[in-house]
Amino acid sequence: MLQVGDVAPDFELLDEEGKPTRLSSFRGRTVVLVFFPAAFSPICTQELKEMAANRADYDRQNAAVVGVSVDNKWSLKAFKRDAGLSATLLSDFHPKGNVAQKYGVFMGETGYAKRGTFVIDANGVIRGISVNEPKEPRSEEDFRTLLLNCPR
């Protein structure tokens, strides 16, 4: 499992529009990397809607919110539209869960990720980690605490 102070493993995944997106393309900004089990699930929908509702907090910290799930890009596009989300959503669909495995949050027995949150500073260093089980919701307060403790 990764630890605070480690360099975040770089990766490239397709976003909800099918555009290849690299984690390193966000250098210069803080990244809140949010692994979530499944689009359209009740807990995931609520968590990501809360983040969208508090977008101004992330903008003040010059933070990009990037969600990652094993859903395909088409599901993520529909999820983003239907839920009114603002975060970039990335598909860890094939090979399934490859990026979640690198971050230590993939559950091979179920085929999806735990609720892993990684706050990565502008230089690509992990400054905060929180991992919840799939049925354990994250709180917006957890996100804010992790984000506020991240140096800019």
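Couplings for region 74-85, taken from phi via the Karplus curve 6.51 cos²θ - 1.76 cosθ + 1.60 with θ = phi - 60°, read 5, 5, 5, 5, 5, 4, 4, 5, 5, 8, x, 8 Hz in order; Gly and Pro are left as x. Remark on residue 11: its backbone amide H falls under 5 Å from those of 23, 24, a criterion applied only to residues 5 or more positions apart or on other chains, H modelled at 1.01 Å from N.
Of the solvent-accessible surface of the chain, computed with a 1.4 Å probe and all protein chains present, 49% belongs to carbon and sulfur. Go through 19/77; 19/73; 73/135 and tell me which ones have a Cα-Cα distance over 21 Å in this structure. The pairs that break the limit, which is 21 Å between Cα atoms, are 73/135.
Near residue 71, the amide H atoms lying under 5 Å from its own belong to 39, 92; only residues 5 or more places off or on other chains count, and H is placed 1.01 Å from N.
Each 5 Å bin, from zero up to the one with the longest distance, holds this percent of the alpha carbon pairs of region 56-149: 3, 12, 21, 24, 23, 14, 3, 0.
Sequence-ordered 3J(HN,Hα) estimates for region 50-63 from the Karplus curve with 6.51, -1.76 and 1.60 and θ = phi - 60° stand at 4, 5, 5, 5, 10, 3, 4, 4, 6, 4, 4, 8, 6, 10 Hz, glycine and proline given as x. Net charge dipole, region 2-152: roughly 280 debye, given to the nearest 20, about the Cα centre with Cβ charges of +1 for Lys and Arg and -1 for Asp and Glu. Across region 1-118, Cα-Cα distances exceeding 25 Å account for 15% of all pairs.
Highest GNM mean-square fluctuation among 75, 130, 25, for the chain modelled with Cα contacts below 10 Å: 25. Amide H contacts under 5 Å for residue 88: 65, 67, restricted to partners 5 or more places along the chain or on a different chain, H placed in the peptide plane at 1.01 Å from N. When the residues 36, 93, 106 are ordered by accessible surface, computed with a 1.4 Å probe over the protein chains alone, the sequence from largest down reads 93, 106, 36. Accessible area per residue for the chain, computed on protein heavy atoms with a 1.4 Å probe, is 48 Å².
Taking 29, 60, 127 as the candidate residues, the one with maximal mean-square fluctuation in a Gaussian network model of the chain, Cα springs under 10 Å, is 60.
The values are calculated or read from the model by the stated rules, or taken from the named source; none is laboratory data. Since the model is a prediction, treat every value here as computed from it, not as a measurement. So basically every Cβ, Gly included, is an ideal-geometry build from the backbone, and we count neighbours across all protein chains shown. Each accessible area value is taken on the protein alone, full model and side chains, heavy atoms only, with ligands, DNA and RNA left out. Shrake-Rupley method; radii C 1.70, N 1.55, O 1.52, S 1.80 Å.
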